[in-house]
Amino acid sequence: MVTSSDPRFFENTPGEGPLAGPGAAPPTIIAAKSVDLTFQTGDGPVHALKDVSLDINKGDFVSFIGPSGCGKTTFLRCIAGLETPTGGKLTVNGMSPEEARKARAYGYVFQAAGLYPWRTIGGNVKLPLEIMGFSKAEQAERVARVLDLVDLAGFEKKFPWQLSGGMQQRASIARALAFDADILLMDEPFGALDEIVRDHLNEQLLQLWARTEKTIGFVTHSIPEAVYLSTKIVVMSPRPGRITDVIESTLPRERPLDIRDTPEFIAIAHRVRDGLRAGHADD
Amino acid sequence: MVLGAGVGRSAGSISGKMMGDAVRSVLPILTVVAVLLGVWMLSVVPMNIHLAADQAQRDGVVVVPDTPIARQDVGAVALALRNPAVVPMTYVLDRPRLPGPQQVAAELWKTTFGVKVTSKKSLVYHGWVTLSATLLGFAIGTTLGIALAVGIVFSRTMDLSVMPWAIASQTIPILALAPMIIVMLGSLGIQGLLPKAIISAYLSFFPVVVGMVKGLRSPDGMQLDLLRTYHASASQGFWKLRLPASMPYLFASLKIGISAALVGAIVGELPTGARAGFGARMLVGDQYGQPLVTWAALFAAAITAAVLVGIFSLAERASLKRMGMVR
C-alpha cells in the first residue's frame, strides 16, 4: 500500500501525475544546467566536468559515451548524489541529487555486480528492501518479481559464486529494480562481460525498459551498445570533461538485434564516431 | 539463455577430494614430527651420558674413565663410544638432563589418566586451572578487541588515539609486566583467576583489534557507495556489510588470540609462587629437579593450545560454510 509517508509516494509526484495527460511531452526528470566539477588533487585541480547542460525526460534511455577521463561516470555519480558539482545547477525529480538520493529515487548498477558473497541471490536482492524497511511479505513478493524480470527465477537460493558473471550482473540489476525507483543509473554494467553475453543482456535490458518504463542513464564506451540501446546518445570528450554532441535516436522503440545492420543504425553510429573523433581533435 | 552455466557442482566427488586433502595436509606435518623426534632421540645420548655413567658406576658397572672428574674431561660423544653398554641407560634416568620422548609421553599419560582429577599431581587439574584463566581472559580480550576495533573504524579520533597505544602495549615484555599486574591486583585483594585472566586478555586483545579493524574496513568503495544509494544508516552499514565482511578476519584473529591467551595465563602463574596450573608445574619441575614434570607440563600446554586453535578452525569452517563463503 502506498501512503503519504512512503518515499515512493513522493518519488512519483513531481512533474507527472494528473497534469501530464496523454499527448503531452514527457516531463523532464533530470535537468543539468552548466554543471561544473573540479577535483582538487595532489597534482593540482582536475576539471572533471565543464559546463555540462542536459535534460533527460521521463522514459528516456540516455547513453553517455566517450573515452576514459571524459567525465561520463562522474556525471552519472553527480546525478546519483555520490559526487557534488562545484558549479551549475542539477536537479533530479525537481530535487537536489542529494535529496533525491535520500528519497531513494534511483537504482544504481555498478560495473562489478558487487553481490555480497555471504548472501544468496535472493538475499542480495532483498538487501535494499531490508534497509528501506519493507515488510517481510512484501520483500519476498518483490524478490520473486524482480528475479523473474531478469530471468533468474529459481536462482534465489544460490550463492553468487555459483552463477556466471552475466547472471551475477543480472542479479545486481534485479537488486537495483527491487524498490521500484523510477530511475535506473548504470555505470558500464556490461563492461566486464564478453560480447556474446553482452548482446544478450542488451536485448534483455531493452525488454526490461519497455516493460517497466524506467528512465535509464547508461554509461558505456561501446558505440554499438550506445546506439542499440538509447533514445538519446550523449557524446563526451575529456580534458575538461564536456558534452560534444547529443544525438536523438530515430530508431523505433522496438529493436531486434539485427537492427544493427540497418543503414539508419549505421548512420547514427557514424555520427557518434564523428563526435568522438571531434572531441579528440581538440587535444 | 545460459541458465545452467556454472551452477551446481556434483556432491559425489567431495568426500574423495576431502580424503585426498587430509592426506596431503597431514603428510608434511608427520614428516616434520618424525624429523624432530629423530633429532630429539639422538640428542638424549650426549646430553645424559655423563649422568648415566655416574649412575652405572654406582650400580657396579665398569666405566672408563673410572672417576666422575676424569669423565668431565671426555667429550659426550667420545664417552658414549667408549662405554656402549651405558648408552641405553641414558633413556631411562630418573632425573635426566634431557628426558627421552618416551619418558615424557609416559609421564604425560600417567599424570593425565593415571591419577585422580582432583589430585595435585593431575595434569587435568592443573590444565583446568590454566584453561579457565585462559578462557576468561580470552573472552575479555576478544570483547575489548572487537569494541576497540568498532570504535577505531567509526571514529577518526579513536583511530588516531587508540591504535598507537594498542601497538605500544605489545612492545612491553609481558614477563616484566605480569608480576606487576599480579602484585598490584593482589594488594587490592584480587587474587586467583582474575589477575591471570587480565594478563591473558592483555595479550589476546591485540590480534583481535588489528584483524577486526582490517576486516571492518575490507568493503571497497563500490560497496560503500551502493549503501549510500540506498541511503542506509551507519548502523545498517555495520550490521549488513562491515560485520559480515569481517568474519574471515575475525576467525584468523581468534586463532592467534586464543594461543596468546594461553601463554598469558601460564606467564601469569609463574610469579605467584605458583600453586596450580601448567605454569606452576613447569616451575615446580624446574625448582625440584624433576625435568619430567616440566616437560610433561610443557607438552600438555602445547596440546591444549593445539586443541583450542583446532576448535576455532572447525568453527571457522562451519560458520563460513553456513555463510556461503566457502566453496
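In table form, for the structure just shown:
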read-out	value
Region A:67-120 - residue that is open to solvent by less than 40 Å² (accessible area, probe 1.4 Å) and on the phi > 0 side of the Ramachandran plot and, of those, farthest from the other protein chains (Cβ to nearest Cβ)	A:GLY71
Residue in region B:200-209 that is touching a Pro at 6+ places or on another chain (Cβ under 9 Å) and over 13 Å from B:PHE154 (Cα atoms) present	no
Enumeration of residues in region A:225-254 that are polar (S, T, N, Q) and open to solvent by 20 Å² or more (accessible area, probe 1.4 Å)	A:THR231, A:THR244, A:SER249, A:THR250
Scope region B:219-240; condition more than 7 Å from chain A (Cβ to nearest Cβ) and small (Gly, Ala, Ser); matching residues	B:GLY221, B:SER233, B:ALA234, B:SER235, B:GLY237
Residue pairs meeting the criteria (Cβ under 8 Å; at least 6 apart or on separate chains; first among the charged types (D, E, K, R), in region B:194-214; second open to solvent by less than 50 Å² (accessible area, probe 1.4 Å) and not in a helix (DSSP H, G or I))	B:LYS196/B:GLY277
Residue match in region A:255-267 (condition: within 24 Å of A:ASN93 (Cβ to Cβ) and surrounded by 14 or more Cβ atoms within 10 Å (Cβ to Cβ))	no
Qualifying residues in region B:286-327 (those that are surrounded by 12 or more Cβ atoms within 10 Å (Cβ to Cβ) and within 14 Å of another protein chain (Cβ to nearest Cβ)) - the one nearest to B:VAL44 (Cα to Cα)	B:GLU316
Among (1) closer than 25 Å to A:VAL109 by Cα; (2) in contact with a Cys (Cβ under 9 Å, 6 or more places away or on another chain) - the single one A:VAL272 does not satisfy	(2)
Selected residue (only one of A:ILE131, A:ILE79 is closer than 27 Å to A:TYR228 by Cα and touching a Phe, Trp or Tyr at 6+ places or on another chain (Cβ under 9 Å))	A:ILE79
Sole residue being acidic (Asp, Glu) and in a loop (DSSP other than H, G, I, E, B), chosen from A:ASP180, A:ASP199, A:ASP258	A:ASP180
Residues that are farther than 22 Å from B:GLN102 by Cα and either outside any helix (DSSP H, G or I) or within 40 Å of the chain's Cα centre (by Cα) (or both), drawn from region B:55-70	B:ASP59, B:GLY60, B:VAL61, B:VAL62, B:VAL63, B:VAL64, B:PRO65, B:ASP66, B:THR67
Residue in region B:162-171 that is within 14 Å of chain A (Cβ to nearest Cβ) and in contact (Cβ under 8 Å) with a residue 24 or more places away in the chain present	no
Which numbered condition B:PRO96 misses (of (1) open to solvent by less than 60 Å² (accessible area, probe 1.4 Å); (2) outside any loop (DSSP other than H, G, I, E, B))	(2)
Residue among B:ALA245, B:ALA232 that is surrounded by 18 or more Cβ atoms within 10 Å (Cβ to Cβ) and either assigned to a helix (DSSP H, G or I) or in contact (Cβ under 8 Å) with a residue 60 or more places away in the chain (or both)	B:ALA245
Considering residues of region A:85-111 that are assigned to a loop (DSSP other than H, G, I, E, B) and out of contact with any strand residue (DSSP E or B) (no Cβ under 8 Å at 6 or more places or on another chain) only, the residue farthest from A:HIS221 (Cα to Cα)	A:GLY94
Options A:GLU188, A:GLU138; residue that is charged (D, E, K, R) and without any contact (Cβ under 8 Å) to a residue 24 or more places away in the chain	A:GLU138
Test set (1) assigned to a helix (DSSP H, G or I); (2) over 18 Å from the mean Cα position of the chain (by Cα); (3) facing chain B (nearest Cβ under 10 Å) - A:ASP151 fails condition number	(1)
Test for A:LYS158: is it over 19 Å from B:GLY237 (Cα atoms), open to solvent by 10 Å² or more (accessible area, probe 1.4 Å), touching a residue at least 24 places away in the same chain (Cβ under 8 Å) and of a type in the set (Lys, Arg)	yes
Exclusive hit being more than 20 Å from the chain's Cα centre (by Cα) and in a strand (DSSP E or B), set A:PRO45, A:PRO117	A:PRO45
Extreme residue, farthest from the other protein chains (Cβ to nearest Cβ), among residues of region A:121-131 that are surrounded by fewer than 23 Cβ atoms within 10 Å (Cβ to Cβ) and more than 22 Å from A:ILE216 (Cα to Cα)	A:GLY122
Criterion violated by A:PRO224 - all others in (1) assigned to a helix (DSSP H, G or I); (2) away from chain B (no Cβ under 11 Å); (3) within 13 Å of the chain's Cα centre (by Cα) satisfied	(3)
Residue, surrounded by the most Cβ atoms within 10 Å (Cβ to Cβ), within region A:48-66, restricted to residues that are of a type in the set (Gly, Ala, Ser) and within 13 Å of the chain's Cα centre (by Cα)	A:SER63
Of all residues making up region B:99-121, the number that are hydroxyl-bearing (Ser, Thr, Tyr), open to solvent by less than 40 Å² (accessible area, probe 1.4 Å) and part of a loop (DSSP other than H, G, I, E, B)	1
Matching residues in region B:192-217 - criterion: being of a type in the set (Lys, Arg) and buried (at least 24 other Cβ atoms within 10 Å of the Cβ)	B:LYS196
Residue match in region A:188-208 (condition: facing another protein chain (nearest Cβ under 8 Å), open to solvent by 30 Å² or more (accessible area, probe 1.4 Å) and under 22 Å from B:ASP225 (Cα atoms))	no
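The values are calculated or read from the model by the stated rules, or taken from the named source; none is laboratory data. Computed from a predicted model, the values in this text were never measured in an experiment. Note that each Cβ is placed from the backbone with ideal geometry, even for glycine, and that neighbours are counted across all protein chains shown. SASA here: full protein model, heavy atoms, side chains in, ligands and nucleic acids out. Shrake-Rupley method; radii C 1.70, N 1.55, O 1.52, S 1.80 Å.
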